[in-house]
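Step one of this worksheet: look at the structure below.
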Amino acid sequence: MLEILENRIAAAGRNLQMITYSDLVKGVDFHLPNVRNGDSYRVPIHDWSGFDRGMVGEFLGYISTRSYCQHGFMASALVVNRLEYKPSDLFFEWMVKLDVLPDTNEDTVLKFWIEQVNKAHNWYKAGRLV
């Protein structure tokens, strides 16, 4: 599951694109011991629940933690919602909690996000993986 998500983010980055949350998880079978007794679970991409958002958010948090600690960028900056074509507000709130974003003012958020997208695109375009 994790490898599929990372590969999809990397593919978007190599192509200097973004990927929507729905396209990120489309067709992915999640097998988690505490979800449906470990049975396969797919996010209903047209009807996300709070649980779905939280679960995917945990994966994205892990992916970004690794990419930031190892390479200095937030990989999940490339994952966007379909309506606004930007990461969720939770992404930016998480950045504030991590103390990498001083506030959630629109100008601050935009500048930070553009910086992270550029770093991710440059990293993946060079053929690197997280």
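No lab work stands behind these numbers, since they all come straight from the coordinates. None of these values were measured; they are calculated from a predicted model. Reconstructed Cβ throughout: ideal geometry from the backbone, glycine too, with neighbour counts over all protein chains shown.
Of the conditions (1) on the phi > 0 side of the Ramachandran plot; (2) assigned to a helix (DSSP H, G or I), Tyr85 satisfies every one except a single condition; which number is it? Of everything listed in (1) on the phi > 0 side of the Ramachandran plot; (2) assigned to a helix (DSSP H, G or I), Tyr85 misses just condition (2).
Taking Met18 as the residue in question, decide whether it is within 29 Å of Asn122 (Cβ to Cβ) and in contact with a Leu (Cβ under 6 Å, 6 or more places away or on another chain). Can you show your working first?
Working: within 29 Å of Asn122 (Cβ to Cβ): yes; in contact with a Leu (Cβ under 6 Å, 6 or more places away or on another chain): yes.
Here the answer is yes, as Met18 does meet what is asked.
Scanning segment 12-31 for residues that are more than 13 Å from the chain's Cα centre (by Cα) and aliphatic (A, V, I, L, M) returns Leu16, Val28. The set of residues in segment 82-130 that are more than 20 Å from Ser67 (Cα to Cα) and either surrounded by 19 or more Cβ atoms within 10 Å (Cβ to Cβ) or among the basic types (Lys, Arg) (or both) contains only Arg82.
Among the residues of segment 50-60, is there at least one that is exposed (fewer than 13 other Cβ atoms within 10 Å of the Cβ), over 22 Å from Glu3 (Cα atoms) and hydrophobic (A, V, I, L, M, F, W, C)? No, the conditions are met nowhere in segment 50-60.
If you take the residues in segment 1-40 that are of a type in the set (S, T, N, Q) and under 17 Å from Arg82 (Cβ atoms), which one is surrounded by the fewest Cβ atoms within 10 Å (Cβ to Cβ)?
Gln17
Within segment 33-56, identify whether any single residue is in a strand (DSSP E or B), over 16 Å from the mean Cα position of the chain (by Cα) and more than 28 Å from Ile114 (Cβ to Cβ), and answer yes or no. Yes, there is a match, as at least one residue in segment 33-56 is in a strand (DSSP E or B), over 16 Å from the mean Cα position of the chain (by Cα) and more than 28 Å from Ile114 (Cβ to Cβ).
For segment 70-82, what are the residues that are within 11 Å of the chain's Cα centre (by Cα) and part of a loop (DSSP other than H, G, I, E, B)?
Met74, Asn81
For segment 89-110, the count of residues that are part of a loop (DSSP other than H, G, I, E, B) and closer than 28 Å to Arg42 by Cα is zero.
Does Ile19 satisfy being within 20 Å of Lys119 (Cα to Cα) and not small (Gly, Ala, Ser)? Yes; evaluated as a whole, the condition is true for this residue. Filter segment 19-31 for residues that are in a loop (DSSP other than H, G, I, E, B) and touching a residue at least 24 places away in the same chain (Cβ under 8 Å) and give the result. Listed by number, the residues that qualify are Val28, Asp29, His31.
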